[in-house]
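Chemist: Quick one: structure below, then a few questions.
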Amino acid sequence: MTHASGIATLALGLIVAMAAPRAGHAQAGQSLGTQGALDGARHRVIVSTDIGGTDPDDFQSMVHLLLYADVLDIEGLVSSPYGPGRATHIHEVIDRYARDYPNLRSHSPRYPTPDALRAITKQGETDVAPRAGIRRTTEGSAWIVARARADDPRPLHVLVWGGLEDLAQALHDAPDILPRLRVHFIGGPNKKWSPDAYQYIATHHPDLWFIENNSTYRGWFSGGDQGADLGNESFVLRHVAGHGALGDYFATMLEGFIKMGDTPTLAWLLKGTPADPTQPSWGGRYLRAWVRPQASFTRLTTATDRLEQFGILDLALPVPAGTPASAMATMVIENQSLVGEVGDGMMRFRFSPKEAKTYSYTIRSAVAELDGLRGQLTSVAAPPDAATRPDRRLPHWWTDDPALDVAEGDLQGARTVNAWRRAWLDDFAVRLRRAKAPLP
């Protein structure tokens, strides 16, 4: 062995040692499968993100994704926002990646070039879907179709960090792609912002392979081992800030506090058994979905009317005969103004509650009979045994485990993520060191 090759071998050994998780990182009896990207499996990935939109944590998740770009085949980065987010915000992160690229490539030649990432960055839908759940073909939805039809036997993992509009449009335009897709959706607040696209998918494509992650993802920043340098703030100070352009960029988001709540979709591919969501992974564990909660009313609801948390409320209120289809009305509920649509003599609204509590709403409309109407609705958590009754209509649909022993407070399923907090943060710290300095 030459002196140079000996140094390289020693350096590689040090990196492997640093990447190894410290002991005591998960609950007793848990083990991970070996089909994750960090174990050599290469997964095809498209990310659909509302980066720059309603929540800045997508910037953090995008940094995390690019630091692991050498172990994935990233085939698309689609801007699918509700709000002001655009593809330019993805390019902002790629610009930081470009500055760190020489260091990253010294650690692995499989990191894609910045130009390769820019070429697969696409603009998706910028408006929430109408009641039909679909609106128009976009550059982003067309790209999902094109990549799903690519001549590759591997499934295409679509990680949805924002709205479902581009996925719904892709399925509408090309239903033949459905068997090729594996979708992991960060629901909760994102489902709240795109209930119509969600309802379209659940109604028209029930055979889709789909993880509906409404609360498990919150284990990424809630609970788990947060001692010493593993806290949401202390980790950023110790292991993120000052670690390349990507680390510094990450540290400027959310006042230097870890959230990156969309990252469990990626972590699920890194360590675990992605083919079986019921098995433990860094991104959580999921059970077969029960009948997706839904409630329909043709009257104003009251606090005694109940709907399971993360369900879909269909509210239809009568309008006078002759009311034009263009008549406008909004349902103002918390920080949302949901636009209604006229049909069959009714003004119809959809809403998805992300919390278990009582909501109050007001109708604002140019239709005098509707304007100023008020109502309430009580959202309740799923019962702990809900998953014992899987919905046969949704054979490939998984969601949060509602059992009490894996909840973090009222966050169902969160402990199936935070049980591995030490392991995935240790590994993330190693990746950040790649951005900071080249391999000796």
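Chemist: With respect to residue 199, is the statement that it is farther than 27 Å from residue 307 by Cα and either out of contact with any Leu (no Cβ under 8 Å at 6 or more places or on another chain) or at pLDDT 95 or above (or both) true?
Modeler: no
Chemist: Same structure again: When you look at residue 300, is it of a type in the set (A, V, I, L, M), touching a residue at least 60 places away in the same chain (Cβ under 8 Å), in contact with a Leu (Cβ under 8 Å, 6 or more places away or on another chain) and buried (at least 24 other Cβ atoms within 10 Å of the Cβ), yes or no?
Modeler: no
Chemist: Shifting gears a bit: Out of all the residues in segment 56-63, is one or more open to solvent by 10 Å² or more (accessible area, probe 1.4 Å) and either modelled with pLDDT of 95 or more or acidic (Asp, Glu) (or both)?
Modeler: yes
Chemist: Looking only at residues in segment 372-387 that are over 25 Å from the mean Cα position of the chain (by Cα) and not in a loop (DSSP other than H, G, I, E, B), which one is nearest to residue 409 (Cα to Cα)?
Modeler: Filtering first and then ranking leaves 378.
Chemist: Further question on the same structure: Hey, among 72, 117, 67, which residue is crowded, with 20+ Cβ neighbours inside 10 Å, under 19 Å from residue 433 (Cβ atoms) and out of contact with any Cys (no Cβ under 6 Å at 6 or more places or on another chain)?
Modeler: Sole residue among the options that is crowded, with 20+ Cβ neighbours inside 10 Å, under 19 Å from residue 433 (Cβ atoms) and out of contact with any Cys (no Cβ under 6 Å at 6 or more places or on another chain): 67.
Chemist: Cβ-Cβ distance below 6 Å, separation of 6 or more or different chains: which pairs start in segment 418-440 with a residue that is basic (Lys, Arg) and in a helix (DSSP H, G or I) and end on one that is surrounded by 21 or more Cβ atoms within 10 Å (Cβ to Cβ) and at pLDDT 95 or above?
Modeler: Pairs found: 421/224; 431/67; 434/104; 436/243; 436/244.
Chemist: Within segment 57-73, is there a residue that is closer than 17 Å to residue 181 by Cα and part of a loop (DSSP other than H, G, I, E, B)?
Modeler: Yes; the residues of segment 57-73 include at least one that is closer than 17 Å to residue 181 by Cα and part of a loop (DSSP other than H, G, I, E, B).
Chemist: With respect to residue 166, determine if the residue is open to solvent by less than 10 Å² (accessible area, probe 1.4 Å) and of a type in the set (Asp, Glu).
Modeler: yes
Chemist: Still on this model: From the residues in segment 271-284 that are surrounded by 24 or more Cβ atoms within 10 Å (Cβ to Cβ) and either free of Cβ contacts under 8 Å to residues at least 24 places away in the same chain or not aromatic (Phe, Trp, Tyr) (or both), which one is nearest to residue 80 (Cα to Cα)?
Modeler: Going through the qualifying residues, I end up with 283.
Chemist: Here is a follow-up. Could you grab me the full set of residues in segment 374-403 that are hydrophobic (A, V, I, L, M, F, W, C) and closer than 14 Å to residue 311 by Cα?
Modeler: 377, 380, 381, 382, 386
Chemist: To continue, here is another question. Collect the residues in segment 251-270 that are among the polar types (S, T, N, Q) and either over 15 Å from residue 215 (Cα atoms) or open to solvent by 20 Å² or more (accessible area, probe 1.4 Å) (or both), keeping them in residue-number order.
Modeler: Scanning segment 251-270 gives a single hit, 252.
Chemist: Quickly run through segment 390-436 and pick out the residues that are small (Gly, Ala, Ser), in contact with a helix residue (DSSP H, G or I) (Cβ under 6 Å, 6 or more places away or on another chain) and surrounded by fewer than 21 Cβ atoms within 10 Å (Cβ to Cβ).
Modeler: 429
Chemist: Looking at segment 174-278, what helices (runs of 4 or more DSSP H) fall wholly within it and have at least 3 residues that are under 13 Å from the mean Cα position of the chain (by Cα)?
Modeler: 189-193, 264-270
Chemist: Looking for something more than 22 Å from residue 396 (Cα to Cα) and in contact with an Asp or Glu (Cβ under 6 Å, 6 or more places away or on another chain) - is there at least one such residue anywhere in segment 261-279?
Modeler: Yes, because at least one residue in segment 261-279 is more than 22 Å from residue 396 (Cα to Cα) and in contact with an Asp or Glu (Cβ under 6 Å, 6 or more places away or on another chain).
Chemist: Given the conditions (1) modelled with pLDDT under 95; (2) small (Gly, Ala, Ser); (3) out of contact with any strand residue (DSSP E or B) (no Cβ under 7 Å at 6 or more places or on another chain); (4) under 23 Å from residue 240 (Cβ atoms), which single one is not true for residue 85?
Modeler: Every listed condition holds for residue 85 apart from (3).
Chemist: Could you please find all residues in segment 92-109 being open to solvent by 30 Å² or more (accessible area, probe 1.4 Å) and more than 14 Å from residue 245 (Cα to Cα)?
Modeler: 105, 106, 107, 109
Chemist: Let me ask something additional. Suppose the filter is touching a residue at least 60 places away in the same chain (Cβ under 8 Å) and either more than 30 Å from residue 186 (Cβ to Cβ) or touching a strand residue (DSSP E or B) at 6+ places or on another chain (Cβ under 8 Å) (or both); does residue 353 pass it?
Modeler: Answer is yes for this residue.
Chemist: While we're here: Anything in segment 307-357 that is in a loop (DSSP other than H, G, I, E, B), open to solvent by 40 Å² or more (accessible area, probe 1.4 Å) and among the hydroxyl-bearing types (Ser, Thr, Tyr)? List them, or say none.
Modeler: Across segment 307-357, the qualifying residue is only 326.
Chemist: Looking at 140, 133, 124, which is the one that is under 20 Å from the mean Cα position of the chain (by Cα) and at positive phi?
Modeler: 133
The values are calculated or read from the model by the stated rules, or taken from the named source; none is laboratory data. Everything numeric in this text was worked out from a predicted model, so none of it was measured. Positions of Cβ are generated from backbone atoms using ideal geometry, with glycine treated the same way; all protein chains shown enter the neighbour counts. Side chains included, ligands, DNA and RNA excluded: accessible areas come from the protein's heavy atoms. Shrake-Rupley method; radii C 1.70, N 1.55, O 1.52, S 1.80 Å.
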